[in-house]
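These notes are about the structure you will find just below.
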Amino acid sequence: MDDLTRAVTRRLRSAGYQDVAVDCRDGVAALAGTLLHWEAVVEAGHIAAETPGVRSVYSELTCPGVDLPKLPAARRRPQSPLCREPWDVVVVGAGVTGCSVARELARYDLRVIVVEAGDDVAGGATRANNGTVHCGLDPLPGSLKAKLNVQGNAMYPGLCAELGVSYRVPGLLGVVRSADELFLLDLVLARAAENRVPGVVALRGAEAVRSLEPTLGGEIAGGFYSPTTGAVSPYGFTLACAEQAAANGVSFLLDTAVTGVAVHAGRVRGVRTERGLLEASWCVNAAGVWADLIAASAGCREFTIHPRLGEMFVFDVRARGHSRTIITPFGLAQDEYTKGGGAGPSACGNHIWGPTAVETWERRLTPTSRTGRAKVVAKFGELLPGADPADIIAAYAGLRAVTYTEDFHIAHARGAGGLVNVAGMQSPGLAAAPAVALEVIRLLGEGGLPLRLRRHYAPRPTPPPRFSELADGELLQALIRTDPAWGRVVCRCEQVTEAEVKAAMQGPLGARSVDAVKRRTRAGMGRCQGGFCGYRVATLLQERFGAVTKAGDGSPWLAGVISHGT
Amino acid sequence: MGCTELTCILCPQGCQLTVAGRDGEWTIAGNACARGEGYALSEATDPRRVVTATIAVTGAVIPRLPVRTAGAVPKGCVLPLVRELHRLTRSAPVRLGEIILPDALGTGVAVVASRSLPAG
Amino acid sequence: MGPEVDVAVVGGGPAGLAAAVAAKEAGAASVVILEREECLGGILPQCIHTGFGLARFGEDLTGPEYAERYAGLAAEAGVEVLLGTTVLGLAPGPVLRAVNPSVGLFKVHARGVVLAMGCRERTRVQAGIGGTRPAGVFTAGVAQRYLNIEGCLPGQSAVIVGSGDVGLLLARRLTLCGARVAGVYEQLPYASGLMRNVVQCLHDFGIPLHLSHTVLEVHGRGRVEAVTVAQVTEGRPVPGSETVVPCDSLVVSVGLIPENELTRSAGALMDTATGGPVVDSRYRTTLPGVYACGNVVHVHDLVDHVSAAAAVAGADAARPAAGPAVPIVAGDNVRYVVPQRLVTGTPVRVYCRVVRPQRDVELAVCCGSRVIGRRREAAVRPPELLCLDLPAQSPDELTGPVVVNCHPREVA
């Protein structure tokens, strides 16, 4: 038994975990055994990760009622013609990370394909994000998160302008309740300096805080303001990245689950999917909550994901009593591994409260709960007494793909040459994504992937205009003359026209399901939540594609027709 | 025989009715109007319902045509009648009130279209 | 500059149709309905059941029949109808800004604008139903549309949450169309819909109605697989009472919300109890020349009431009545009163809803110690709208605010 194994074992024993088998190699602590409950599994993983010398944790710990995770069973699918072509790089996962990487790879003379299990880009943790582009105050100094977060945040304004994605910068307001906790502000300023977060100011006294945010209620001792915290539509941004990648020759194979990475003689030779093998010698693993299992399929057992559920609650755009900035209570009683969410305006104008943070072994289901809602309402309702929880129009949840080190895990896989893991992409994964993509390119280049810039890098194809943003323009009048569908309002809450829904279904990255249309057009995101437009959107999908699903395979919109037999 | 408790459905008042007696000797209580008495009596002896459903229609902008019985039919006929109606197809145009079935399941009651659907 | 009309009506459902017809009858030269659907009638075409028109036409009509009859009256009266037309804005004037595929963007200047947009359905989130978000969760109106217009089954086995009328009707329709309805769950200790619907839609088909129960969570990844239901006391689920009910769809029938985006954005004074604008007994909002009627003002349970109230609005839009108005407010066991202002000099029908069920009551409208109107009721329930006709009042008689009370009937 080597020293590190002994050290981890000792720490676990002193915390009461006698029965955890530990085996450390090259700084990777491998854990195995059965513990009493899931919280223990997570805690043991964290204890191992915090042992000095441990670089990452691979955990096969489980507890009664929880099986070791497996990649979802492959469905019977016809082979894709894309599986007959040779590729240079396969990107697994079309979330914000995968699509950001694809967009950067598209600059080079490479054959790149992105493979995604869902029916749409951004359909996993990305769509379940609250859209906050964090400034970089939270990550521990020196962490990969800290570096890439600050770097990514700084890239957003320019990138969004380039991609035609709306970007707002409401800033972050940390609110300190008690005078006893005001000393924390010095720590915030020190953290800002260390992480190089620009413009952070301490606000001493309630006056200074209230001058920024007059709606705040209750006792306030002070706070801090970080001006670079932004808000973006996570799916809008991801789709824009994917569209630009596609415009530059990147292929997308959606609705296709990966069953494993094919490795031969210590080298990636392709990615196995439900629709056949995608031959390639390079693979970027951006599979989110499944990233550990994708890596393990290549024999790389370096990290384990323990999903952390976050629930978010969306307010009607009309709701009053909300903040101008993204606010978060700040004090001594912080959760250890999560910032505890915020309350603030999204890029689309709705205010979002959350997320919560609940550890779970479940990787497929993202339920919201009464408890979660009550917690969020209690927490932010105290800060914003003028906001009415009855104005909540939507609730959703997502799974953060968390590693035990609580840092991003972006590195070449050991023992599988050509595989780059981009894992542990929990918050601030969205903010960091543009910088993560650059880091991945750097790693691929360093690993020997030839990076020759293409002569031409096409911009993202201009997206169609939005009716709601044109409502008085002469352009709109002209649009309606050429295509009357511009004059047919399909979604009344968000004022989305039939023309926009039809446009959203165009192209290789076009929407194929009701949810995908919603993410592209906002049809169904308003206060009636699709009550009015849902069937209209479904009808348009039906006319174009035949069968209608809510979110791809396994989610049929309807259950049949009235038949003679009934 | 014992008494039957009913909720009158002829108007939104929803009077709680009790029907007691047998074989033509009925005592009815709880009704706010005379119509309620008739309802109670028919519910106790010969319950009837107006049946509404849709049938398939071709050549119209929508695929279903709403239909109704012109009067009430025995309660026991409701399900078999709807099944029968689900087997029917009409082609547009259809006029409101047009007869779909002249005699629904031998009840003597007609089933008629409850909407006009032009061809198109 | 768009067309100028006497009366412009937003929405061609029962309220809009009745307002338009009444406006014509009252002498308006030009009346136009702007309707976003491709046909008139609003929700009526999908309400294929009977129960419409007993008061208005003295016949028990189906929804489509009622709609067609009213559309006929509108055509006879010479009401102009713009279908497929969405109204985008309402500005002082009043001026409507609208769009449709044939004309594009246009404005309508009117002497009177009648808002008759109806209502929308409360959603699962508003009912606090958590869990996953699979396919198979529909509001009752959407499910009804699929069944009755499109001929599609929203589910093969359904749970219905909420016992509003649409939910009850859906339970029957689903059953008749071959689906299984596992049960209707209502969190209140009484049904929210009309008694006749409880009887004809549930009792007739043996569909269980679980009072004081609600749905807490939805389960399933792609499609609904089950829901968790629980008993409720005082609005809270009882711990330990949870049961999982397998089903492939959840129909949400948890109430309606007046659709007032236009009204609100134009700045009309709103009533938080009704969710609609404050109106006087001629259905004038606080915006000059702007009227509101039907479910925009408050949620009705009978279309006949909608038509009757909308006709007042339409007539006044054509020929405004003069006379000062006094406030009329909710008193004991009354949740809200519509209209909220009483215009003197014309007869008035007052609508109200009670706070809690009560038996053997007298509904009384008083101004100080003077009783203007009264009505006895054997039983009152919050889901059922109560109405009371008041004779025309002279301004001298109404010295202060008018109060509507629901009191236990005094035993003589």
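The values are calculated or read from the model by the stated rules, or taken from the named source; none is laboratory data. Because the structure is predicted, anything quoted here is derived from the model rather than measured. Backbone-built Cβ (ideal geometry, glycine too); neighbour counts: all protein chains shown. The protein model used for the area step is the full one, side chains on, heavy atoms only, and it has no ligands, DNA or RNA in it. Shrake-Rupley method; radii C 1.70, N 1.55, O 1.52, S 1.80 Å.
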Report summary line: By the Cα gyration tensor axes a ≥ b ≥ c (a/c under 1.5 gives rounded; else a/b larger than b/c gives prolate, otherwise oblate), the shape of chain C is oblate
Requested in this report: Quote the accessible area belonging to residue C:370 in square angstrom, nearest 10, computed with a 1.4 Å probe and with ligands, DNA and RNA left uncounted.
Outcome: 90
Query - All-pairs alpha carbon distance profile, the stretch A:251-299, 5 Å steps from 0, percent - result: 5, 21, 34, 28, 9, 2
Query raised in the report: Which percent of the accessible heavy-atom area of the stretch A:1-64 goes to carbon and sulfur, probe 1.4 angstrom?
Result: 50
Report task. Would you mind giving the mean number of other chain beta-carbons within 10 Å of the Cβ of each residue in C:132-143, as a whole number? Result -> 6
Report summary line: Eigenvalues of the alpha-carbon gyration tensor of chain A, times 5 and square-rooted, give semi-axes in Å, largest first, of 35, 33, 23
Query raised in the report: Using 7 Å Cα-to-Cβ label points, what is the residue A:77/residue A:482 separation (nm, one decimal)?
Result: 3.6
Query - Volume in Å³ per residue [convex hull over Cα atoms, computed for the stretch C:273-412] - result: 101
Report summary line: So the C/A interface buries, both sides summed and with a 1.4 Å probe, an accessible area in Å² (nearest 100) of 4200
Report summary line: Share of accessible surface on carbon and sulfur in chain C, whole %, 1.4 Å probe and ligands ignored, is 53
Requested in this report: Using a/c under 1.5 as the rounded threshold, could you call the stretch C:1-154 rounded, prolate or oblate? The axes a ≥ b ≥ c are square roots of the C-alpha gyration tensor eigenvalues, and prolate needs a/b larger than b/c, oblate otherwise.
Outcome: oblate
Report task. Mind running the shape call on the stretch A:115-170? Use the C-alpha gyration tensor, a ≥ b ≥ c as the square roots of the eigenvalues: rounded below 1.5 for a/c, prolate if a/b tops b/c, oblate otherwise. Result -> oblate
Requested in this report: Over the protein assembly as shown, consider all pairs of different Cα atoms and compute the Kirkwood hydrodynamic radius from their mean reciprocal separation; express it in Å, one decimal.
Outcome: 32.0
Query raised in the report: What lysines sit close enough to residue C:107 to cross-link, taking a C-alpha to C-alpha distance under 28 Å and skipping anything fewer than 8 places away on the same chain?
Result: A:502, C:24
Query raised in the report: Label points 7 Å out from Cα along the Cβ direction at residue A:10 and residue B:103: separation in nm?
Result: 9.9
Query - Separation between Cα centres of the stretch A:28-52 and the stretch A:508-548, rounded to whole Å - result: 43
Query raised in the report: Which of the listed residues, A:331, A:303, A:371, is farthest toward the dipole's positive end in the protein assembly as shown, when Lys, Arg count +1 and Asp, Glu count -1 at the beta-carbon?
Result: A:303
**Report entry** Label-to-label distance, nm, for residues given as residue C:269 and residue B:26 (7 Å Cα→Cβ offset)
**Finding:** 5.3
Report task. Express the accessible area of the protein assembly as shown per residue in Å², computed with a 1.4 Å probe while the remaining protein chains stay in the model. Result -> 38
Report task. May I ask you to compute the full-extension gain from residue A:563 to residue A:36, defined as 0.36 nm times their residue separation minus their alpha-carbon distance, rounded to one decimal in nm? Result -> 184.6 nm
Query - Whole-percent pair-distance distribution, where bins are 10 Å wide, for the alpha carbons of the stretch B:29-89 - result: 20, 36, 24, 14, 5, 0
Query - Förster radius 22 Å - calculated FRET efficiency between residue A:539 and residue C:221, Cβ distance, rounded to 0.05 - result: 0.35
Query - Listed peptides A:493-502, C:272-281 by packing density, highest first (mean Cβ within 10 Å) - result: A:493-502, C:272-281
Query raised in the report: Full extension from residue C:57 to residue C:410: what is 0.36 nm times the residue separation minus their Cα-Cα distance, to one decimal in nm?
Result: 123.5 nm
Report summary line: Each residue of C:212-218 has, on average, a number of other protein chain C-beta atoms within 10 Å of its C-beta equal to 1
Report summary line: So the pair-distance distribution of the stretch A:137-245, from every Cα-Cα distance in 10 Å bins, comes to percents of 14, 36, 30, 16, 3, 0
Query raised in the report: Within straight cross-link reach of residue A:145, meaning Cα distance under 30 Å, which lysines are found once same-chain residues fewer than 8 apart are removed?
Result: A:70, A:339, A:375, A:379
Query - With DNA, RNA and ligands ignored, accessible area of residue A:313 (1.4 Å probe; Å², nearest 10) - result: 0
Query raised in the report: Counting each DSSP H run of 4 or more residues in the protein assembly as shown as -39500 (n - 2.57), what helix-only mean residue ellipticity at 222 nm follows after dividing by all residues, to the nearest 500 deg cm²/dmol?
Result: -7000 deg cm²/dmol
**Report entry** Accessible-area order (highest first, 1.4 angstrom probe) of the listed residues A:317, B:67, C:166
**Finding:** A:317, C:166, B:67
Report summary line: On the formula 1/(1 + (r/R0)^6), with r taken between the Cβ atoms of residue C:37 and residue A:371 and R0 of 30 Å, the FRET efficiency rounded to 0.05 is 0.15
Report task. Report the calculated FRET efficiency for residue C:335 and residue A:70 (r = Cβ-Cβ distance, R0 = 51 Å), to the nearest 0.05. Result -> 0.40
Report summary line: Diffusion coefficient in µm²/s returned for the stretch C:250-311 by Stokes-Einstein, Kirkwood Rh over C-alpha pairs, 20 °C and 1.002 mPa s, is 176
Query - the stretch A:164-218 and the stretch B:61-120: distance between their alpha carbon centers, rounded to Å - result: 68
Report task. Could you work out the mean count of beta carbons from other protein chains within 10 Å of each residue's beta carbon in C:64-75? Result -> 3
Query - Principal axis dimensions, largest first and in whole angstrom, of chain B by Cα - result: 55, 28, 17
Query raised in the report: Of A:147, A:379, C:24, which has the most accessible area with a 1.4 Å probe, and how do the rest follow in descending order?
Result: A:147, A:379, C:24
Query raised in the report: In Å² (nearest 100), what accessible area is buried between B and C, both sides summed, heavy protein atoms only, 1.4 Å probe?
Result: 2400
Report task. Sort A:508-517, A:445-454 for me by packing, meaning the mean count of neighbouring Cβ atoms within 10 Å per residue, highest on top. Result -> A:508-517, A:445-454
